[in-house]
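The structure under discussion appears below in the form of structure tokens.
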Amino acid sequence: MSLLDIVDLHKAFGGVRAVDGVSFAVEPGELLALIGPNGAGKSTLFNLLNGQLQPDSGQVSLNGASLAGLPPRAIWRQGVGRTFQISQTFASLTVLENVQMVLLSQARKLFGLWSRAAAHEPQRALGLLEQVGMAAQAGRPCSELAYGDVKRVELAMALASEPQLLLMDEPTAGMAPEERHALMALTRRLAAERHMAVLFTEHSMDVVFGYAQRVIVLARGTILAQGDPMQIQGDPAVQREYLGVGQPIEARKA
């Protein structure tokens, strides 16, 4: 049994089959990239996995326990974290307080009137920021941070829930090449250290082929191909549908 098992997953919107019979598994510690052209079904699949959408049919299970039909918070508590293409941080709070807010939520104290983020597990929050290289900026408001640093804070927030599986939606969108490679190298290291699986969508092919251990290509809601990066780069169907024949990897953008 894998960490995450997806079996014959379906989701349609009217006559559009956004996810049409998708099946695959994710192993602990694996970095798996999900790529494909716009409209391939990537965002719909992510939203099915973390409960923002409910499947029409099919199974999603984590360590053998079904996630299908559960709300996002319940899935989060089962061990599925997520980062978003547009970073979800509290701009007016400090870097440390952003992480503490997640720890409060995990402890089910977020809505207690007696709770204040600044008083809740500061050392644990600081330790998480240390892991992502942001401890030195713990006292700064997120509104003052560079974009790449905001992404690191969001990663620390995701790690605060101790996920077994981390979903990363376009993690390097809007980042300069040096920033995006630094973030993905950090993610790869944390995944190995925590034995945490990472499933990520990405349009920058240098990131996909540089960091993913395995790649799944979606097209029109179905799996077109899957394999290691070398297999995907050489797959004729993938080249026709998505990568483009004869382009260098660095230039291949969706």
Requested in this report: Would you work out which of 122, 38, 21 lies farthest towards the positive end of the dipole of the chain, given +1 charges on the beta-carbon of Lys and Arg and -1 on that of Asp and Glu, about the Cα centre?
Outcome: 122
Report summary line: Rounded to one decimal in nm, the spacing of the 7 Å Cα→Cβ label points at residue 12 and residue 124 is 4.6
Report summary line: Largest fluctuation, 161, 23, 204 only, Gaussian network model of the chain with Cα springs under 10 angstrom, belongs to 23
Report task. Could you pull the Rg and Dmax for the chain, using just the Cα atoms, both in Å? Result -> 18.4, 61
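Would you list 44, 94 from fewest to most Cβ contacts within 10 Å? Kindly include the intermediate steps, with their values, before the conclusion.
Working: 44 24, 94 20.
Neighbour counts put them in this order, fewest first: 94, 44.
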Requested in this report: Take every DSSP beta bridge whose two residues both sit in the stretch 143-250, then give the antiparallel share in percent to the nearest 5.
Outcome: 50
Query raised in the report: Using a Gaussian network model of the chain with C-alpha springs under 10 Å, which one of 175, 101, 196 is most mobile by mean-square fluctuation?
Result: 175
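How long is the gain from residue 231 to residue 88 if the chain were fully straight, where each residue apart is worth 0.36 nm and the alpha carbon distance is subtracted?
On the way: separation 143, 0.36 × 143 = 51.48 nm, distance 3.45 nm.
So the chain would gain 48.0 nm between residue 231 and residue 88.
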**Report entry** Cα→Cβ-extended label distance, 7 Å offset, between residue 59 and residue 193, nm
**Finding:** 3.6
Requested in this report: State the three equivalent ellipsoid semi-axes of the stretch 27-91, derived from the C-alpha gyration tensor as the square roots of 5 times its eigenvalues, in descending order and whole Å.
Outcome: 19, 17, 14
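We did not get these values from a lab; they are worked out from the coordinates using the rules stated. All values reported here derive from a predicted model rather than from experimental measurement. With ideal geometry, Cβ positions are generated from the backbone for all residues, glycine too; neighbour counts draw on all protein chains shown.
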